[in-house]
Amino acid sequence: MTHSALEVADILRDHGPAWRTANRGHVSLEQMKVMSAIERCRTAALGGHVARCENEGCGYTIIAYNSCRDRHCPKCQAAASRQWLAEREAELLPVSYFHIVYTLPAPIADISYQNKAVIYDLLFKAAAQTTITIAADPKHLRAQIGITAVLHT
């Protein structure tokens, strides 16, 4: 018995309409476009082409649907993502890395929408100072560390 793998597109096609309705007003137009692209990727909605074996007596035919080519699509960008990740991993120093996430509380996040530069500057400074202080503490790492910080919205 063959079992096809569940894909992001399947989940979006099955649950996307209800999710979009439940989150109306909280999802950007760009996010909606990405969801739509992934839902339609490699389906008849984007068209396609027919490939047929020309060997005598074979006649095997397959329909290949076009891809969405969206940079967020896991089907379209999987190979490019793997290559990018391998290139980034090759740049890493042979030391331990840790991923730490600092999240703004909802009321402050709401304020940051109108005051991005001020709030994000405070967030980065507080996160860096906190991380460096904890790492230097003899009860923790007792280390001087380096930090690379990225804003993920």
Yes/no for Ala128 being part of a helix (DSSP H, G or I), open to solvent by less than 100 Å² (accessible area, probe 1.4 Å), under 25 Å from Cys41 (Cα atoms) and free of Cβ contacts under 8 Å to residues at least 40 places away in the same chain: no
Exclusive hit being under 25 Å from the mean Cα position of the chain (by Cα) and free of Cβ contacts under 8 Å to residues at least 24 places away in the same chain, set Tyr113, Tyr120, Tyr102: Tyr113
Criterion violated by Glu7 - all others in (1) under 30 Å from Ala135 (Cα atoms); (2) of a type outside the set (S, T, N, Q); (3) under 24 Å from the mean Cα position of the chain (by Cα) satisfied: (1)
Leading residue by the ranking (modelled with the lowest pLDDT) among those in the range 1-20 that are open to solvent by 80 Å² or more (accessible area, probe 1.4 Å) and more than 23 Å from Arg69 (Cα to Cα): Met1
Residue satisfying condition, being open to solvent by 100 Å² or more (accessible area, probe 1.4 Å) and farther than 30 Å from Tyr113 by Cβ, within set Glu30, Glu89: Glu89
Any chance Ser67 is open to solvent by less than 70 Å² (accessible area, probe 1.4 Å), closer than 30 Å to Ala128 by Cα and either touching a residue at least 60 places away in the same chain (Cβ under 8 Å) or of a type in the set (S, T, N, Q) (or both): no
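Yes or no: the range 18-31 includes at least one residue that is acidic (Asp, Glu), outside any loop (DSSP other than H, G, I, E, B) and closer than 30 Å to Thr153 by Cβ. Working first, answer last.
Going residue by residue through the range 18-31, those that are acidic (Asp, Glu) are 30.
Remaining after also requiring outside any loop (DSSP other than H, G, I, E, B): 30.
Then keep just the ones that are closer than 30 Å to Thr153 by Cβ; that gives 30.
For the range 18-31, residues acidic (Asp, Glu), outside any loop (DSSP other than H, G, I, E, B) and closer than 30 Å to Thr153 by Cβ: present.
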Close pairs (9 angstrom Cβ cut-off, 6 or more residues apart or separate chains): within 10 Å of Met35 (Cα to Cα) in the range 7-19, open to solvent by less than 90 Å² (accessible area, probe 1.4 Å) and not in a helix (DSSP H, G or I) anywhere: Val8/Cys73; Ala9/Cys41; Ala9/Thr43; Ala9/Cys73; Arg13/Thr43
Residue among Leu122, Leu104 that is farther than 30 Å from Gly48 by Cβ and in a loop (DSSP other than H, G, I, E, B): Leu104
Unique match (being open to solvent by less than 80 Å² (accessible area, probe 1.4 Å) and closer than 30 Å to Thr153 by Cβ) among Ala44, Ala80: Ala80
Check on Glu54, open to solvent by 70 Å² or more (accessible area, probe 1.4 Å), farther than 30 Å from Gly146 by Cβ and modelled with pLDDT under 90: yes
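The values are calculated or read from the model by the stated rules, or taken from the named source; none is laboratory data. Please read all numbers here as calculations on a predicted model, not as lab measurements. Here the Cβ is made from the backbone with ideal geometry for all residues, glycine too, and neighbour counts use every protein chain on show. Remember, those area values only see protein heavy atoms, side chains included, never the ligands or the DNA or RNA. Shrake-Rupley method; radii C 1.70, N 1.55, O 1.52, S 1.80 Å.
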